[in-house]
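Engineer: This is the structure I want to talk about, given as C-alpha cells.
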C-alpha cells in the first residue's frame, strides 16, 4: 500500500509507492530518490521501522538499512534477539473491545520495560529478559495499571495509576464454547453505578517506593497523564482530572513529593468538548516552555487559548474564527493512521507558530483545513484551499508538512509543503479504487426543528435508472462522540454503504443534531435528552433527499446501525414505525441504564439526576409499537453493549407479542472479526435483500 513516514530528527521522509521505496529530502527540493532494495530479504512485505532505520526480514535473515546512506547491514542472530527483547510486548487486550492492546512501556533508554505481574507492576530487563516485581502492594481489587503509565526522562520514576475496584460490580461473560461453560467476571460500571477510583502515583524505579499524587478528595475522577516537563529540580508531571460527568477539567502540575499546583480549571453546564474525555483533545503542553494550549467551547465554538506556564496569563489564538477548531478526529480510514489525528497539527515554539485544523466556512463544517497562527494570537490564516479533507503530518522539525487531500469524489493526492505553505512537490496521486462505483452525492437538509442545516451523503447504485424505484437504507450511528459522514475518498466506514448501493439500494448517511464537530449548541441538542431528536432528524433528512431524487422509494425504507447505531436503529423502528419498514440493530442497548457509564453519563448525567431523560430514552417500553421486520445481532461476549441488554430487548419483544429475528455470534465481542464478520455482513445484506427487495420496479 502506498504510504509515507517521516524519519526522526529531520526533514526527510520515506515514500512507498507502486511497490518501490523512495527517500525524499524536503529541504533539498523534495525530489524522490529510489532506494535500491536488491538483495534485501522480504522486500517491502517484510519491512519494519526501527528508529531512523528500516529492517527487512525473510528466509531467516534480517537486514538493517539506513535509508539516508543506502548502507545495509545484515543482523546476526544475536542482534535480532537483542532487538526483539527491546520491543514492547503485548500484555493482553484492552478493557473494552476496540481499545488498543495493553503493551509494555519502555523507558527512554529502552533498558527496562514496564509490565505487570498479577496486580503489581513489574520490570523486564531488555538485555536478558530478567524480570523483577516493582510494586508489592497490588491486590485483586486494587491493581496497578500499565495503561497510560509514563517514565520520567531520566528513567528514575514512573507515573502510574492504581485502580480501586472495591465498589465496582462484576458482569458475567459466559464462554459457551468451552468443553464446560466458563464464566468470566468483568468489572463493569453501568450508568449511575460505582466507578473505579483512579489513584495516581509516582513509583521509584530503584526502591519500588510509591508516592500518591494529590488530586483532591473528590471521588469518581478520571485521570490522564500528559507528560513530564522541565528538568532537574524544576521537573513536574502534568496531568488532568475530569469529573464523572465530564463537565469540569483541571490541569495539575505534580511535584516529586506528590504535591500539586492547580494550573487551570474550566467548568461548564454541559459536557466538555472531547472524544470520550481524551485529555489530549483538550490540553496540549508546549514542552520547551511549559506553556499550554486549551481547546475550549467557552465562546460557543471550539477555540484555542494559550496559557502561561503558571496558568495566570491567557492569549486567545483563534479569536474571530467563525468555525470550530477540530478536536481529535475519529473519522479516519480503516487503512489510515494508527491513531486518530488531533486538531493541533504542530507547534513550533522557536518560530512562535501553532498549526491546527478547522473547517473553511460554516457552509462546509466537516471539511478539514490547515491553519496557522502566531503564539501571540496574530497572523491567523488558512493554508489549504480545496474542499474536502486535508490530513496533515508535520516533519519532526515542524519546517515541512505533508498534506494528503481528498474529497468524496476525488482520490487522495499527497503534497509536500514548507511550513509557510509553499508547495515543494507533489508526491503521489493514488489511483481510484472504486471498481467502477460512483462517488456519493453530498446533500443538505433541514432538521426536524425546521431551521438547523444538516449534512449527509447519498450512495446511489452504479447503474442507477432515474426512472426506476429504489429502496432506501438509512445507515445510522448517532453517537454523541463522533461524526460518521465521511468527507474523504472512500474511507473504510463508507465501504459498506458502497457495497449495499451496488446491490441496488440507495444508502443515506447523516450527521444529525447532537453529534460533535460544529457549535456547542448543535452538540448540546441531545444533552440530557438522548434518543429524542435523532430519529426525527433522520426521517426529515431522508424525506428531503427523496424530494430531489424521485427514484427513492419511501415505501421501502430500512435502517441499520451498530453499537450506538444499534440503539438508534431500534429507536427508528419503534418511534417511527410508519416510516421504517425493516431494521437491523447490531450490538445494541435498548435501555441507557444498561450502558457503560463512561460512554453515556457525560451526555445524560447519571440516572439519579436525570430520571426523566433516561426513562424517555428507553426503548423497552416501546416494544409494542413495532410494525416492521426487526433483526437483532448480538455477540455473546460483548461487554461494550452487554449481551444482557440484547436479552432484555428480546424479553420486551416477547412480552409485546412481536416477531423478531435474532442472530447470535457465539464468543464474539463488540467488533466481529474473521468468519464472524463475514457472517455479520451477510446477515445484514440478506435481511435487506429479503425485506426491501431492491430488484423490484427497475
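Readers should treat all values here as calculations from the given coordinates under stated rules, not as data from a laboratory. Predicted model, so just to flag it, every value in this text is computed and none were measured. Ideal geometry is used to build each Cβ from the backbone, glycine not excepted, and the neighbour counts take in all protein chains shown.
Engineer: Test of understanding: ordering 127, 205 by Cβ neighbours within 10 Å, fewest first, what list do you get?
Structural biologist: 127, 205
Engineer: Based on C-alpha coordinates, I'd like the Rg and Dmax of segment 30-123, in Å.
Structural biologist: Final numbers for Rg and Dmax: 16.9, 53 Å.
Engineer: Counting pairs of alpha carbon atoms under 8 Å apart in space and at least six apart in sequence, what relative contact order in percent does the chain give?
Structural biologist: 8 percent
Engineer: So for the pair residue 179, residue 451, with labels modelled 7 Å out along Cα→Cβ, what separation do we get in nm?
Structural biologist: Placing both labels 7 Å beyond Cα along the Cβ direction yields 6.9 nm.
Engineer: Given segment 441-692, what whole percent of its Cα pairs are spread farther than 28 Å?
Structural biologist: That fraction is 28 percent.
Engineer: Moving on. May I ask you to derive the relative contact order of segment 3-82, considering only C-alpha pairs under 8 Å and at least 6 residues apart, and to give it as an integer percent?
Structural biologist: 17 percent.
Engineer: How many nm is it between the label spots at residue 288 and residue 618, if each spot is 7 Å from the Cα in line with the beta carbon?
Structural biologist: 5.7 nm
Engineer: Specify whether the C-alpha gyration tensor of segment 72-135 places it in the rounded, prolate or oblate class, a ≥ b ≥ c being the square roots of the eigenvalues: rounded for a/c under 1.5, otherwise prolate if a/b is larger than b/c and oblate if not.
Structural biologist: Cα axes put segment 72-135 in the oblate bin.
Engineer: Would you mind ranking 109, 518, 428 by Cβ crowding within 10 Å, fewest neighbours first?
Structural biologist: The fewest-first ordering by Cβ neighbours comes to 109, 428, 518.
Engineer: May I pose another question? In percent, how large is the relative contact order of segment 441-692, given Cα pairs closer than 8 Å and 6 or more residues apart?
Structural biologist: 17 percent
Engineer: Considering only C-alpha atoms, what is the centroid distance from segment 126-168 to segment 488-532, in Å?
Structural biologist: First find each Cα centre; the distance between them is then 40 Å.
Engineer: Give me the one-decimal nm value for the distance between modelled label points at residue 262 and residue 308, 7 Å along each residue's Cα-to-Cβ direction.
Structural biologist: Going from the residue 262 label point to the residue 308 one covers 1.9 nm.
Engineer: Of 633, 242, 183, 215, how do they rank once you tally other Cβ atoms within 10 Å and put the fewest first?
Structural biologist: 183, 215, 242, 633
Engineer: I've got another one for you. Just subtract the alpha-carbon distance of residue 137 and residue 71 from 0.36 nm times their residue separation and send over the number in nm, one decimal.
Structural biologist: Roughly 18.8 nm would be gained on extension.
Engineer: Could you give the length gained on full extension between residue 299 and residue 5, defined as 0.36 nm per residue of separation minus the Cα-Cα distance, in nm?
Structural biologist: 102.2 nm
Engineer: At 222 nm, what helix-only mean residue ellipticity would the chain give, in deg cm²/dmol to the nearest 500, using -39500 (n - 2.57) for each DSSP H run of four or more?
Structural biologist: After summing the helix terms and dividing by residue count, I get -4000 deg cm²/dmol.
Engineer: Within segment 146-185, whose backbone N sits under 19 Å from a point 7 Å along Cα→Cβ of residue 608?
Structural biologist: Under 19 Å, as judged by backbone N against the label point of residue 608, lie 164-170 of segment 146-185.
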